[in-house]
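Quick notes on the structure that follows.
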Amino acid sequence: GAVVSQHPSWVICKSGTSVKIECRSLDFQATTMFWYRQFPKQSLMLMATSNEGSKATYEQGVEKDKFLINHASLTLSTLTVTSAHPEDSSFYICSATGTVTGELFFGEGSRLTVL
Amino acid sequence: DAKTTQPPSMDCAEGRAANLPCNHSTISGNEYVYWYRQIHSQGPQYIIHGLKNNETNEMASLIITEDRKSSTLILPHATLRDTAVYYCIVRNNNNDMRFGAGTRLTVKP
């Protein structure tokens with residue numbers, strides 16, 4: 001089946017630094033990718049929709065200048081958490097739509113810890 | 001705005017069938033019912049989806065009521081590894097996927 005890979009799987013950074021998370025579709029072309037955030041014991045919250053070659057669409061309450069999304073190719077989307085703070089510590093998950101059957105494939109997630 | 005309602009938690013004995021209900025009374029005619037599960041600290045795993053007919057695959061069966069206002073995910077022989085949070089989601093194929101709180105299924109020996 002289709003595979004979506006995220007990198008890194010976990011990252012620890014200092015407050016004020018920026019962190020980039022990559023999301024790749026390994027065996028299919030993904031015109032649309034989605035980014036989610038999940039806090040402990042909570043459900044996944046959609047942050048933004050990323051379309052190849054265009055600007056991402058952010059959900060209400062998500063700061064687009066803080067969470068920079070780039071979807072430059074059909075197999076890669078990146079999420080950059082700029083000037084990270086401890087409250088940005090979370091599990092970040094990406095997903096991409098399969099081309100035929102319509103199911104959404106999810107990456108393994110990236111755990112960000114900001115000290 | 002998850003558009004689905006699920007019980008927060010359920011228990012199931014190992015080897016028995018696990019039946020997870022989901023209400024989606026406001027589902028539109030072109031929206032599918034999807035089921036995913038999430039094991040701790042992993043990305044969600046696709047289980048099954050359907051529009052109006054019942055569906056079965058190697059993981060589970062999906063039973064959708066005739067009025068499509070509710071559905072049931074059936075794991076025929078639950079194992080300890082099926083312990084996870086199960087999410088029922090309604091989605092148009094062109095739209096994003098929004099998660100509700102899900103059902104935390106605990107399979108007990």
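The values are calculated or read from the model by the stated rules, or taken from the named source; none is laboratory data. The structure displayed is predicted, hence computed values, not measured ones. As a convention, Cβ positions derive from the backbone with ideal geometry for all residues, glycine included, and neighbour counts pool all protein chains shown. Accessible surface is based on the protein model in full, side chains and every heavy atom, while ligands, DNA and RNA are left aside. Shrake-Rupley method; radii C 1.70, N 1.55, O 1.52, S 1.80 Å.
Values computed for the structure shown
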| read-out | value |
| --- | --- |
| Some residue of segment A:4-13 being of a type in the set (Val, Ile, Thr), surrounded by 21 or more Cβ atoms within 10 Å (Cβ to Cβ) and within 16 Å of A:Phe105 (Cβ to Cβ) | yes |
| Residues satisfying the stated conditions in segment A:38-89, i.e. touching a Ser or Thr at 6+ places or on another chain (Cβ under 7 Å), within 14 Å of chain B (Cβ to nearest Cβ), farther than 20 Å from A:Ser5 by Cβ and of a type in the set (A, V, I, L, M, F, W, C) | A:Phe39 |
| Of the criteria (1) closer than 25 Å to B:Ala101 by Cβ; (2) of a type in the set (Ser, Thr, Tyr); (3) open to solvent by 80 Å² or more (accessible area, probe 1.4 Å), which one A:Ser43 fails | (3) |
| Segment A:30-40: number of residues that are at pLDDT below 95, of a type in the set (S, T, N, Q) and crowded, with 17+ Cβ neighbours inside 10 Å | 1 |
| Output for segment A:17-29, where each listed residue is crowded, with 19+ Cβ neighbours inside 10 Å and either within 11 Å of another protein chain (Cβ to nearest Cβ) or in a loop (DSSP other than H, G, I, E, B) (or both) | A:Cys23 |
| Strands (runs of 3 or more DSSP E) within segment B:45-109 that include 2 or more residues within 14 Å of chain A (Cβ to nearest Cβ) and surrounded by fewer than 19 Cβ atoms within 10 Å (Cβ to Cβ) | B:45-50 |
